[in-house]
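Worksheet: one structure, shown below.
Coordinate-derived values only; no laboratory data. Bear in mind the structure is a predicted one, so any value in this text is a computation, not a measurement. We place every Cβ from the backbone using ideal geometry, glycine too, and count neighbours over all the protein chains shown.
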Amino acid sequence: MKRSILYTYLGIIALLGLCACGKDPIDDAGLLITQRSQCYMTSFDLLGSDHRTVLVSGQTKVDTTALTVTAIAKFGTNMQRVKPFCSLVSDAIVDAPMGVWTDFTQPQLYTVISGNRQVRKTYTVTVTLQK
Amino acid sequence: MRQPLLLLIPAVVALLAVGCQKSVEPEQPLKNDLLKKTVGPAIVGDRIEFAYAIGTLEGDLKNVRAEATVAGGPGTGFSRNSWYTNYSTGVDQPKQTATDTLTNGNVSTANILDVATNKAVTLRYYYYPTADSQGKDVSFRFSGTNSTGKEVSIQSPNYRISSMDMKRSIVLGDGAKAYVSLADMTAYTKAEVEQNNLANKIDFVYVYRPTINTFAFGHAIVAPSNPTYLADVTLPTGLAKPRTAIDKRVDVKDAQLRGTAGFDVFIDDIDLQQTTFTNAADYAYGLAADQGAFVKSADGTYAAYVYVNAVNNTAKTMTVSIKRLKLK
């Protein structure tokens, strides 16, 4: 009886050890690939050269069904040199990368990719300037 | 066998003890030390400040000397005062400890006062870079003597004198001294631009409009190329329309342009050399005190940082200070 308990105990320890040594999958950027299939953008912001938001408060709409983002930039914003930022559902990534100076005089496309890297949804981001 | 080994133990311990002792140099009767107090770039129009400390155990302190490898401008030399902190108020107080402070060419000297009590003093030495020294390295050799004839000295590292030019407190006025030339680092009126044939030297125009099209606008600098924000301005006759690149900043509070203590952000040569103006605007609006803009002349000759010291909505003025680097 005592011996069987000991063997069971050792077996659990060995199993835990094997699990601990297993490598989680990562993508090309070294980010963890998880089981999550959710794929959507939750917020969007745009910064000017002074690293302050250029968007009019309360006017940004992220439509996760139509896959669009619409926003209004403040009067006088230099739309050719703005830096986009967004937040996503857990574990998702976005392509092209945000946080780089971008010309937003035309709508820009950003693809959200789920945590399991199986689902891709392309958002069209349109920012209009106050006139 | 074990006994000889046991006998070795005291010898090993003794050797270790000797080995661990630090070699103690004999106390020097005359010592000095140097601290560079300023942390910003050495730029023409501002000064570098050193604290030179000297103390003697023999005789009295006699004099101190500083020799710069490049002669400084007016104001270079030792201050007569040492400083101590008043513990009641927390404010630093001056106390005169030196006299006969002289600067002749590269060499500054001072004699120590009240030598019976001033056995150790710290004196301030100020160095004002000159236009001739821009881009050059300068170093300093500080030395001092006591009444027994002993001398002590200390050599500073090299410091690079900035190639930037700086001009503080230029008052711009809407409809008045609104036309700014980076080449001259000066603001002109419309009449001055026309009378002095400066139409090709103006890099930006200052305007103040509380609102445009009902939207807040405020104090702005605008390149002559911009038709939108200069639409209601009667520009000087023949004014060239260069597209000066203007990139607004709100968090670059340069301590030298600000001209007050308590800030430790400095724009140095490398900032103006490496700042990129890709797709930069030709205007910056909504400017307020402590904000500013990186500016690059249309022909790429000058890069500058225009810092806003103050704005006045009633007088429609904006006071700016400029650091400028000639790029080519």
*Which members of the range A:39-75 meet the condition of being under 23 Å from A:Asp91 (Cα atoms) and either over 20 Å from the mean Cα position of the chain (by Cα) or aliphatic (A, V, I, L, M) (or both)?*
A:Met41, A:Leu46, A:Val62, A:Ala66, A:Leu67, A:Val69
_Which count do you get for residues in the range B:237-277 that are touching a helix residue (DSSP H, G or I) at 6+ places or on another chain (Cβ under 8 Å) and surrounded by 13 or more Cβ atoms within 10 Å (Cβ to Cβ)?_
5
*For A:Thr77, all conditions in the list (1) within 14 Å of chain B (Cβ to nearest Cβ); (2) surrounded by fewer than 17 Cβ atoms within 10 Å (Cβ to Cβ); (3) in contact with a strand residue (DSSP E or B) (Cβ under 8 Å, 6 or more places away or on another chain); (4) of a type outside the set (Asp, Glu) hold save one; what is the number of the exception?*
(2)
*Within the range B:28-78, which residues are surrounded by 15 or more Cβ atoms within 10 Å (Cβ to Cβ), over 27 Å from B:Ser133 (Cα atoms) and not small (Gly, Ala, Ser)?*
B:Leu30, B:Lys31, B:Asn32, B:Ile54, B:Thr56, B:Asp60, B:Leu61, B:Lys62, B:Asn63
_Any pair with Cβ under 7 angstrom, 6 or more apart, that starts in the range B:207-222 at a residue that is within 9 Å of chain A (Cβ to nearest Cβ) and ends at one that is hydroxyl-bearing (Ser, Thr, Tyr)_ = B:Phe217/B:Thr211; B:Phe217/B:Tyr285; B:Ala220/B:Tyr229; B:Ala220/B:Tyr283; B:Ala220/B:Tyr285
_Being part of a strand (DSSP E or B), over 14 Å from A:Val69 (Cβ atoms) and either within 14 Å of chain B (Cβ to nearest Cβ) or under 9 Å from the mean Cα position of the chain (by Cα) (or both) is the filter here; which residues of the range A:92-121 pass it?_
A:Ile93, A:Asp95, A:Ile113
*Hits in the range A:32-62 - residues which are touching a Pro at 6+ places or on another chain (Cβ under 6 Å) and more than 22 Å from A:Lys131 (Cα to Cα)*: A:Ile33
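Evaluate the range B:189-206: report whether one residue or more is over 14 Å from B:Val320 (Cβ atoms), within 14 Å of another protein chain (Cβ to nearest Cβ) and not small (Gly, Ala, Ser).
We begin by selecting, within the range B:189-206, every residue over 14 Å from B:Val320 (Cβ atoms); these are B:189-202.
Cutting the leftovers down to within 14 Å of another protein chain (Cβ to nearest Cβ) gives us none.
No; the residues of the range B:189-206 include none that is over 14 Å from B:Val320 (Cβ atoms), within 14 Å of another protein chain (Cβ to nearest Cβ) and not small (Gly, Ala, Ser).
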*Going through the range B:248-266 one residue at a time, which ones are part of a loop (DSSP other than H, G, I, E, B), away from chain A (no Cβ under 14 Å) and in contact with a strand residue (DSSP E or B) (Cβ under 8 Å, 6 or more places away or on another chain)?*
B:Gly259, B:Phe263, B:Phe266
*Wholly within the range B:81-151, which strands (runs of 3 or more DSSP E) include no fewer than the required count, namely at least 1 residues that are more than 16 Å from B:Ala53 (Cβ to Cβ)?*
B:81-86, B:91-96, B:98-104, B:107-112, B:120-127
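A quick yes/no check of all residues on (1) within 14 Å of chain A (Cβ to nearest Cβ); (2) more than 30 Å from B:Gly135 (Cα to Cα); (3) out of contact with any Lys or Arg (no Cβ under 6 Å at 6 or more places or on another chain):
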residue: B:Leu239; (1), (2), (3): no, yes, yes
residue: B:Ala284; (1), (2), (3): yes, yes, no
residue: B:Ala288; (1), (2), (3): yes, yes, yes
residue: B:Gly292; (1), (2), (3): yes, no, no
residue: B:Val295; (1), (2), (3): yes, no, yes
residue: B:Gly300; (1), (2), (3): no, no, yes
*May I ask you to say which residue of B:Asn309, B:Asn313 is within 20 Å of B:Met166 (Cβ to Cβ) and more than 14 Å from chain A (Cβ to nearest Cβ)?*
B:Asn309
